[in-house]
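A short worksheet on the structure shown next.
We did not get these values from a lab; they are worked out from the coordinates using the rules stated. Nothing here was measured: the structure is a model prediction, and the numbers come from that model. Note that we place each Cβ from the backbone using ideal geometry, even for glycine, and neighbour counts take in every protein chain shown.
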Amino acid sequence: MILIDYNAVAIGSIIQQKDEMNEDLFRHLILNNIRMYRNKFKENYGEIVVCGDGRKNWRKDFFPNYKFKRGSNRKKDNVDWNELFRIIYQVYEEIGEHFPYKTVLVEECEADDVIATLVEETQEFGKNEPIMIVSSDKDFAQLQKHPNVQQYSPLKKSFVVERNPRKQLLELILKGDQSDGVPNVLSNDDCFVEGIRQTPMRQTSIDKLTEDIKAMGDEVYRNYCRNKKLIDLEETPSSVKSKILNSFEEQDKWNNRGKVFPYFVEKRCRMLLEDIEDFI
């Protein structure tokens, strides 16, 4: 399987032209990038699965400060993000309706959960089919603990190779992730919200904590559990995993092969029509 982190790939496709807010241009750029990744990886990894972000997130229910700055940071840009995301989700729906690819989006979770759940499913019953994750997100490096998983970063245009994914995950949990509003384990829940500087974590502290997590003390261990819940992709709730697998397994998109041509004609995708075989 080729697991496409759709929102990340879509935003990466159009970020340089985001000021234009041209729906036809955005559609072309998104679909052309998906075509490119399919061509690049299909021979060794099989067919595409387009994995989307739901509009809600179980992590925010668990930790209300999760990604709390995303909205305020976007307000500083001279970009109509509501219109941009409207187009992104519209193209996602069009892919599901007109292309022979499975599309998986569960409202209460991120594409991270979808991808991790599908990877986990390949470990069951001795399947171990080759998996290529197309995303620049560092959180996916932890999935390389499975020998059938590789990751390609569209941002760097190179493969992501993590030689010790379990150690990488543990260090990420300890350090937190400021871009997602997750403090390090030495800092309280509200430090980013209140504009308080995190308690610094030196490498010596990280090395010491990795040796004996429970020796951290009650408060630090509590923060470790907080971060593990937010960052470790094995922590996705079982109810969410079930919805992901049900959505994936109930789809049969083979008949959509005949819908691609009329879709390109309707949307006036003349340049993509020239490469229609790359899509089907």
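Grab the DSSP H runs of the chain that are 4 residues or longer, score each as -39,500 (n - 2.57), total them, divide by all residues and round the 222 nm result to the nearest 500 deg cm²/dmol.
-14500 deg cm²/dmol
Distance check, please: which entries in K56/K102; K156/K229; K157/K243; K175/K243; K60/K253 exceed 24 angstrom between their Cα atoms?
K156/K229; K157/K243; K175/K243; K60/K253
Provide the convex hull volume over Cα atoms per residue for region 69-205, in Å³.
Roughly 173 Å³ of hull volume per residue.
Enumerate by residue number the trypsin sites (Lys or Arg not before Pro) in region 1-103 meeting two conditions: DSSP loop (anything except H, G, I, E, B), and at most 14 other Cβ atoms within 10 Å of the site's Cβ.
Those that pass, being in a loop and sparsely packed, are R55, K56, K76.
Report the label-to-label distance for E194 and E249 in nanometres (one decimal), using points 7 Å from each Cα along the Cα→Cβ vector.
If labels sit at E194 and E249, their model points lie 4.7 nm apart.
If you rank S242, S187, S135 by fewest surrounding Cβ atoms within 10 Å, what's the result?
Lowest count first: S242, S187, S135.
Which residue fluctuates the most in the chain, going by a Gaussian network model with Cα springs under 10 Å, if the choices are E124, E162, E93?
Sorting by GNM fluctuation, first place goes to E124.
If you rank F192, F68 by fewest surrounding Cβ atoms within 10 Å, what's the result?
If I rank by nearby Cβ atoms, fewest first, I get F68, F192.
Quick check on the exposure proxy: order I115, I87, I206 from fewest to most C-beta atoms within 10 angstrom.
Listing I115, I87, I206 from fewest to most nearby Cβ atoms yields I206, I87, I115.
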